[in-house]
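*Asks:* Next up is a structure, given as structure tokens.
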Amino acid sequence: MVGFDGFPHRNKQTLFSIAGCIATETRGVLDTFIGFFNNAALMLILCVIYDTFSIYSISKKSLRDCLTGVLVGLICIAVMLNPWTLERGLYFDTRWVLLSLSGLYFGLIPTVIAVIFAGALRLYQGGPGGVVGTVVIVVTAFVGIAWNHWKGNRNKPLSWGQLYVFGVVVQLSMLSCMFLFPAYMRNSILKKIALPILLVNRRAILTHL
């Protein structure tokens, strides 16, 4: 039986290189999970504040919608300021979960206000993901608003199965926006974020329902 010391020097270098690549990829995925969990925790603040200050009980709809939109926008900014950074200018967070839920439950006006807050910040941050990040904001918010309209037409509460489908549609909408990146960037991005998004954020959506 040949011990490790019996390996040729080139084979040792190869093994160390493979081990290093595995460690780097694992660390990257774990960082993504941690970042997304932190974002999900921040989104819980929205529920607490909204309930504590009883914004939903304000009788004047226009005022209620504006306050709700500003609150969602500020929480969205807090989420965006605590991202997981893939590389300089490429930031990932759960703003799209928050905005899709805003569209689903708060409707058009509050969500449009929140989209303006989030979109302005993402464009200000810039970088190679600035435009695509803004597209993600608009697309996922639109999915929530469209689902809200469909829910209103049905005049029935959504079932857990329908809410699960909603979460999947939001996730796929977000991931499809990644195809706006050049191929060399897209493949690396999807490799690092697809699994955490599919596992963590569907649970985040269902937790906030």
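*Asks:* Could you figure out which of (1) out of contact with any Lys or Arg (no Cβ under 9 Å at 6 or more places or on another chain); (2) in a helix (DSSP H, G or I) isn't true of Val170?
*Replies:* All conditions are met except number (1).
*Asks:* With Ala120, Ala146, Ala141 as the choices, which residue is within 14 Å of the chain's Cα centre (by Cα) and at pLDDT 90 or above?
*Replies:* It is Ala141.
*Asks:* Can you pull out the residues in the range 118-148 that are under 16 Å from Leu86 (Cα atoms) and buried (at least 21 other Cβ atoms within 10 Å of the Cβ)?
*Replies:* Correct list: Arg122, Gly129, Gly133.
*Asks:* To continue, here is another question. How many residues are surrounded by fewer than 24 Cβ atoms within 10 Å (Cβ to Cβ) and either assigned to a helix (DSSP H, G or I) or modelled with pLDDT of 95 or more (or both) if we restrict to the range 90-103?
*Replies:* 0
*Asks:* Same structure again: Please determine whether any residue of the range 184-207 is at pLDDT 90 or above, under 14 Å from the mean Cα position of the chain (by Cα) and part of a helix (DSSP H, G or I).
*Replies:* No, that holds for no residue.
*Asks:* From (1) in contact with a strand residue (DSSP E or B) (Cβ under 6 Å, 6 or more places away or on another chain); (2) at pLDDT below 80, pick out the condition that doesn't hold for Gly129.
*Replies:* (2)
*Asks:* In this structure, does Lys156 turn out to be touching a residue at least 40 places away in the same chain (Cβ under 8 Å), of a type outside the set (A, V, I, L, M, F, W, C) and farther than 25 Å from Leu195 by Cα?
*Replies:* no
The values are calculated or read from the model by the stated rules, or taken from the named source; none is laboratory data. Keep in mind that this is a model prediction, so the values were computed, not measured. All Cβ positions, glycine included, derive from the backbone under ideal geometry; neighbour counts span all protein chains shown.
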